[in-house]
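Just below is one structure, and these are the notes that go with it.
What follows draws every value from the coordinates through simple rules; no lab data is involved. Everything numeric in this text was worked out from a predicted model, so none of it was measured. Note that each Cβ is placed from the backbone with ideal geometry, even for glycine, and that neighbours are counted across all protein chains shown.
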Amino acid sequence: MTKVRIIFACALTALLAVAATSHAQAQDYPNKPIHFIVGFAAGGGNDLFARLVVQKFQQNTGATTVIDNKAGAGGRIAADYALKQPADGYTVLVGATGQMSIATAIFLNLGYHATKSFIPLNMIASFPLVLVVPVDHPAKNVKDLVAWAKANPEKSNYGTSSPAFTIATELLKLKTGMPAQAIPYKSSNESNLSVVGGQTTFTISDGPPAIPLVKGGKTRALAVTGAERSPELPEVPSMAEIGYPDVNTQLWSGFFVPAGTPAPVVAKLTAELGRALADSGVQDGLKKMAVKPGGPTGDAFKRFIDADIKTFADVVAAAKLKFEQ
């Protein structure tokens, strides 16, 4: 019995020591620069989101921050890099849907998992995708487009420049039974211009390249994915409104730290990033980039991503899609 008590006392002492160390780390945190790793080039959407929030975070906390752009492989190079850094709160990944949820769902040999290798902190912003057709196309709404594609299967095709857009379009095909052949492009700007030029019947893509063409009368928007209309295109219905609630692909960006980061540090980071995100200036800045500011944090963000992964994996399996890593 004495031996058991000694073992228990030692274990309790060790636990208290770990707790005290974690508490001390949080109290002292941050005492050196925090590196925010962005997997895309400077000037892109995720980079701009990060800089806006991180600047306010730095102002609020007095912390020294550094934005490191490590572009390549759809953001996966940045995720791999962040995962190899110490789990101490001084490396924060700015992760996007493609490199986190989608990559986890579609690449068997990925070196990380979005919610097992990382701890989700805060969603920065989210935004729907936009379905557009040429302005002279006979389809005036999505149901017209579905009917047209079924009547003209040999002519029905769509432009796509990333797995995110391919999966969103294949999900629409699965839910409607419409045929359409994928035509690959290097960017969503190119896929939208292919619609303008009539090389493709439609494309589903992100807002920044699509919305100016819609507003300029070069393409016609038939719907945005998800349940809500886009403030940038208030006259365009959501997929849910027109009877396709399952076509709800949303892209997002968020903050992550490597798994194993001490809980008190995670809590402190989440709280301070949340405070920065709640700032009215940050909110307005994000809205000007045609995105919805904020979103779930912590465990809720993790559950959101896990649901994302399942949805993407299910679509890929049902549509028998293959992607090169």
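Residue 126 sits among other residues whose Cβ lies under 13 Å from its own Cβ, and their net charge, with Lys and Arg +1 and Asp and Glu -1, is -1. Under 29 Å of direct C-alpha separation, and excluding same-chain neighbours fewer than eight residues apart, residue 150 reaches these lysines: 140, 173, 175, 186, 215, 218, 310, 320, 322. A straight Cα-to-Cα reach below 18 Å connects residue 116 with the aspartates and glutamates 80, 88, 299, 306, 308, residues fewer than 8 places away in its own chain not being considered.
Here is the tail figure for the chain: Cα pairs spaced more than 35 Å apart come to 28 percent of all pairs.
Rg and Dmax of region 90-188, both derived from C-alpha coordinates alone, stand at 17.1, 56 Å. Among the aspartates and glutamates, select those whose C-alpha is under 14 Å from the C-alpha of residue 56, and discard any that sit fewer than 8 residues away in the same chain. The reachable aspartates and glutamates, counting only those whose Cα sits under 14 Å from residue 56, are 272, 279, 284. By the compact-protein rule of thumb, 2.2 N^0.38 Å, the alpha-carbon radius of gyration of region 197-312 corresponds to a ratio of 1.30.
Each Lys or Arg adds one and each Asp or Glu takes one away; over the other residues whose Cβ falls under 13 Å from the Cβ of residue 192, this sums to +2. Computed over region 130-224, the convex hull of the alpha-carbon atoms projects to a mean area of 5.0 nm².
The Cβ shell under 12 Å around residue 89 holds other residues with a net charge of -1, Lys and Arg each +1, Asp and Glu each -1.
Computed with the Debye formula from one identical point scatterer per Cα of region 256-325, without solvent, the log10 of I(q)/I(0) at q = 0.15, 0.19 Å⁻¹ comes to -0.74, -0.93. Of the DSSP H helices in the chain, those with a Cα length along their own long axis of 20 Å or more and a mean Kyte-Doolittle hydropathy reaching 0.5 comprise 2-28, 263-278. Each of the peptides 211-219, 261-269 was scored by the mean count of other Cβ atoms within 10 Å over its residues; in descending order, highest first, they stand as 261-269, 211-219.
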